[in-house]
There are 2 protein chains.
Amino acid sequence: MPSEEQMRAAVQAYIDNYNAENLDGIVALFAADAQVEDPMGTPMKIGHAELREFFAVGIAAGARLHLDGSIRAVSNFAAFPFHVTLEWDGVQTRIDVIDTFEFDENGKVARMRAFFGAGNQSTVTGD
Amino acid sequence: MPSEEQMRAAVQAYIDNYNAENLDGIVALFAADAQVEDPMGTPMKIGHAELREFFAVGIAAGARLHLDGSIRAVSNFAAFPFHVTLEWDGVQTRIDVIDTFEFDENGKVARMRAFFGAGNQSTVTGD
């Protein structure tokens with residue numbers, strides 16, 4: 001079972017690898033049969049191949065993850081608040097998200113759930 | 001199924017009732033057979049009687065909930081980052097928490113999970 005420190009490090013590695021567009025680094029954090037529901041209510045992505053395909057879409061869109069508070073870690077779970085910035089049809093967009101990670105005994109993410117809805121999306125205006 | 005707006009209102013009502021020490025108001029937000037795991041890894045509290053007993057402990061300790069960002073809502077789920085302040089053995093303490101609510105078709109909370117560990121607790125120093 002991973003420690004709280006190990007789970008926090010895994011979350012930080014997820015964010016860092018995402019922002020470095022390191023798809024291998026992201027996928028390596030997950031168990032071979034990991035399940036990802038992102039956002040909740042959409043079809044589950046299962047296993048490294050489907051996860052790779054899924055995360056590649058966000059990375060291709062130029063998505064960047066910004067942590068918005070401390071990483072919560074307890075038992076075999078972590079949860080963290082962040083926002084995503086990405087350009088969508090030429091419009092700079094911000095999405096507020098909370099992810100939860102459930103870890104297996106090897107310290108890999110066995111299940112990820114992402115919480116955000118239409119009301120968590122906003123347009124970033126600028127000159 | 002509750003709308004995103006209804007789920008966000010339920011989260012706000014949970015925080016407001018908690019801070020007003022309104023135990024009836026808190027319990028009324030939950031389904032009769034609701035399950036609460038707070039924090040993750042501890043024994044599940046099930047049903048209104050156990051929930052009332054559980055929340056009464058936090059209220060007796062003078063715990064106050066402070067929202068730290070937007071309430072995420074999607075499908076039949078909400079998630080929100082907050083911190084709790086309470087006095088523990090005369091020491092002002094802060095705990096960073098993320099809660100997730102799973103709603104039933106009547107808009108009641110059927111399952112609540114709370115994410116925080118030892119590393120999310122800090123002492124608030126003052127003069």
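The values are calculated or read from the model by the stated rules, or taken from the named source; none is laboratory data. A quick note: this is a predicted structure, and the numbers were derived from the prediction, not measured. Note that we place each Cβ from the backbone using ideal geometry, even for glycine, and neighbour counts take in every protein chain shown. Heavy atoms of the whole protein, side chains included, go into the accessibility calculation; ligands, DNA and RNA do not. Shrake-Rupley method; radii C 1.70, N 1.55, O 1.52, S 1.80 Å.
Evaluating kT/(6 pi eta Rh) at 4 °C and 1.567 mPa s, with the Kirkwood radius of the protein assembly as shown over Cα pairs in the Stokes-Einstein relation, gives 68 µm² s⁻¹.
With label points defined 7 Å past Cα in the direction of Cβ, position residue A:89 shows copy-to-copy spacings of 5.7 nm, given to one decimal and shortest first.
Across the identical copies, the label point of residue B:21 (7 Å from Cα in the Cβ direction) is separated from its matches by 5.7 nm, in order from shortest.
Each of residue A:93 and residue B:22 was given a label point 7 Å from its Cα along the Cα-to-Cβ line. The distance between the two points is 3.7 nm.
Under 12 Å from the Cβ of residue A:123, count the other residues' Cβ atoms, weight Lys and Arg +1, Asp and Glu -1, and hand me the total. Neighbour charge sum, excluding residue A:123 itself: -1. Hydrodynamic estimate: the Kirkwood radius of the range B:1-65 over Cα pairs, inserted into Stokes-Einstein at 4 °C and 1.567 mPa s, corresponds to D of 105 µm²/s. Here the accessible area is traced with a 1.4 Å probe on the protein chains. For the protein assembly as shown, carbon and sulfur cover 51 percent of it. Heavy-atom accessible area buried between chains B and A is around 2000 Å² (1.4 Å probe, both sides summed).
In angstrom, the C-alpha Rg and Dmax of chain A are 14.3, 49. Across peptide B:36-47, the mean count of Cβ atoms from other chains lying within 10 Å of each residue's own Cβ comes to 2. What separates the residue A:107 label point from its copies, with the point 7 Å along Cα to Cβ, is 4.6 nm, written shortest first.
Of the candidates B:41, B:62, B:90, which one comes out as most mobile in a Gaussian network treatment of chain B with C-alpha springs shorter than 10 Å? Of the options given, B:90 has the highest mean-square fluctuation. Only DSSP H runs of four or more residues enter the estimate; each adds -39500 (n - 2.57), and after division by the residues of chain B the mean residue ellipticity at 222 nm equals -8500 deg cm²/dmol.
Per residue, the range B:43-108 exposes an accessible area of 45 Å² to a 1.4 Å probe, with every protein chain left in place. The distance separating the Cα centre of the range A:75-127 from that of the range B:42-64 comes to 29 Å. Could you identify which residue out of B:12, B:92, B:35 has the top mean-square fluctuation in a GNM of chain B using Cα springs shorter than 10 Å? In this elastic network of chain B, the residue with the biggest mean-square fluctuation among B:12, B:92, B:35 is B:92. For chain A, a Gaussian network of Cα nodes joined below 10 Å ranks A:93, A:42, A:85 by mean-square fluctuation, and the top entry is A:42. Seen through its C-alpha gyration tensor, with square-root eigenvalues sorted a ≥ b ≥ c, the range A:63-127 comes out prolate because a/c lies at 1.5 or above while a/b is bigger than b/c. Of the residues making up the range A:66-87, those losing 20 Å² or more of accessible area when the isolated chain is joined by the remaining protein chains, with a 1.4 Å probe, are A:70, A:72, A:74, A:75, A:77, A:79, A:81.
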